[in-house]
Amino acid sequence: NVATQTSFYVTVNDAQAPVISLHTGGEDFETSEASVNVDVTKGYASVSDNIDNDLEITYRLGSTVLTGPYDFPVGKNTITLNAQDSGGNDAAQKTITFNVYDFGAPVITAPDDLVVATDAGEATHMLDVTALGSVLDAVDTDVAIVYSVGSSVLTGNYPFPIGGTVVTMDAKDADGNVATQVTFTVTVSDAGAPVLVAP
């Protein structure tokens, strides 16, 4: 006597998550620009799985998904790496850190030399030169210029004496990079006529 055949299914689920392997935990870069261009998707990590052989890693910088070369700005850039296999298993998240250091000094442009005359009845000429010239930095947009005459730092009007006075211009960005000092000359001519006094 033969029984009626029945059957049941055995379902094998993939419960093993993929594994992300880092080839480096990060890298340091030096730049004189505002950023450095790096493709983090090439050579920094790989992923393996017991079932899927063609998994891809998702690279993110904040909310930005990185798919190729990217301009990483000066500072600390932490990239998160994720992967998921066809069974919905998520790999343990990994991170890579790119530290980009600003090694570019600001560049100061001095104004042309100035020639002025003494103020009426004075042996000097009052002049504010602290807005003259310019400074440019690849990273910082608010680098301040320090104007000096000798050891005196200029903050506004200064009594320039007759003759030539050298004004120095210095600047330093937020990362401590010091600009090459530049100078310009303020030449004050004597505009006061002599006064004859009768005996």
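The values are calculated or read from the model by the stated rules, or taken from the named source; none is laboratory data. Keep in mind the model is a prediction, meaning the values are calculated, not measured. No Cβ is skipped: glycine too gets one built from the backbone with ideal geometry, and neighbour counts run over all protein chains shown. To get the accessible areas, we keep the full protein, side chains included, count just its heavy atoms, and leave off ligands, DNA and RNA. Shrake-Rupley method; radii C 1.70, N 1.55, O 1.52, S 1.80 Å.
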Next item on the list: Using θ = phi - 60° and the Karplus relation 6.51 cos²θ - 1.76 cosθ + 1.60, list the HN-Hα couplings for region 2-8 in order, rounded to whole Hz, with x at every Gly or Pro.
Entry: 9, 6, 5, 5, 10, 8, 9
Checklist line | Cross-link partners of LYS76 among lysines (Cα-Cα below 17 Å; sequence separation of 8 or more within a chain) | finding: LYS94
Note to self: Using a 1.4 Å probe on the protein heavy atoms only, what accessible surface does HIS23 show? Give it in Å² to the nearest 10.
What the structure shows: 110
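Express the accessible area of the chain per residue in Å², computed with a 1.4 Å probe while the remaining protein chains stay in the model.
For the chain, the solvent-accessible area averages 63 Å² per residue.
What's the extension gain from GLN16 to ASP190 if we count 0.36 nm per residue and subtract their Cα-Cα distance?
Answer, rounded to one decimal: 53.7 nm.
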Item checked: Karplus (6.51, -1.76, 1.60) ³J(HN,Hα), θ = phi - 60°, over region 29-42, in Hz, Gly and Pro reported as x -> 10, 10, 8, 9, 10, 7, 7, 10, 8, 9, 9, 6, 7, 10
Next item on the list: Find how many whole Å separate the alpha carbon centroid of region 1-71 from the alpha carbon centroid of region 155-181.
Entry: 55
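How far, in nm, would the chain grow between ASP90 and VAL166 when pulled straight, counting 0.36 nm per residue and subtracting the alpha carbon separation?
Stretched fully, the ASP90-VAL166 segment lengthens by 20.7 nm.
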Next item on the list: Would you please give the residues with an amide H less than 5 Å from that of LEU114, counting only those at least 5 places away or on a separate chain, with H modeled from the backbone geometry?
Entry: THR185, VAL186, THR187
Item checked: Cα→Cβ-extended label distance, 7 Å offset, between ILE51 and ALA3, nm -> 3.2
Notebook entry, point to check: What's the carbon and sulfur percent of the chain's accessible surface, probe 1.4 angstrom, rounded to a whole number?
Noted result: 50
Check: Here are some values of semi-axes √(5λ) of the Cα gyration tensor in Å: [x] 26, 19, 16; [y] 29, 22, 17; [z] 74, 12, 10. Which one was computed from this structure?
Finding: [z]
Item checked: Sequence-distant residues sharing a close amide H with ASP119 (under 5 Å, placed H) -> THR124, HIS125, MET126
Next item on the list: Just need the relative contact order of region 9-97 here, percent rounded to a whole number, with Cα pairs under 8 Å and 6+ apart.
Entry: 37
Item checked: Leading residue at positive end of dipole, region 113-186 (Cβ point charges), from ALA144, LEU114, GLY176 -> LEU114
Next item on the list: Could you calculate the FRET efficiency of ASP119 with ASP142 from 1/(1 + (r/R0)^6), where r is the beta carbon distance between them and R0 is 45 Å, rounded to 0.05?
Entry: 0.85
Check: Amide H to amide H under 5 Å from VAL135: which residues, 5+ apart in sequence or cross-chain, H placed 1.01 Å off N in plane?
Finding: THR109
Item checked: Under the Karplus curve 6.51 cos²θ - 1.76 cosθ + 1.60, θ = phi - 60°, whole-Hz ³J(HN,Hα) for region 13-23, x wherever Gly or Pro sits -> 9, 7, 10, 9, 6, x, 10, 8, 10, 8, 8
Next item on the list: Between ASP128 and THR67, take the C-beta separation as r, use R0 = 45 Å, and let me know the FRET efficiency to the nearest 0.05.
Entry: 0.30
